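Engineer: Following this message is one structure expressed as structure tokens.
A short reminder: the numbers here are calculations on the coordinates, not readings from a lab. Note that the structure is a prediction, hence the values are computed from the model and not measured. Don't worry about glycine lacking a Cβ; one is built from the backbone with ideal geometry, like all the others, and counts go over all protein chains shown.
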């Protein structure tokens, strides 16, 4: 997996969270799907994206060279 994939996952989570906030503010519901559920899904995507970014950062050999300067 490349870093760009982790960034894309994070951005998708961010967009889902914005949509969830819109649903929550306007009190929209589509059946069982409410703003709370959409915000939770968006937060999970953001968390996965951040964890993948941190993992790629620490496993990169260039990062180790940067810290040793």
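Engineer: Looking at region 20-40, which of its residues are touching a residue at least 12 places away in the same chain (Cβ under 8 Å), surrounded by fewer than 16 Cβ atoms within 10 Å (Cβ to Cβ) and either touching a helix residue (DSSP H, G or I) at 6+ places or on another chain (Cβ under 6 Å) or not in a helix (DSSP H, G or I) (or both)?
Structural biologist: 24
Engineer: Inspect all residues belonging to region 48-63 and state whether any of them is in contact (Cβ under 8 Å) with a residue 40 or more places away in the chain and under 9 Å from the mean Cα position of the chain (by Cα).
Structural biologist: Yes, that holds for at least one residue.
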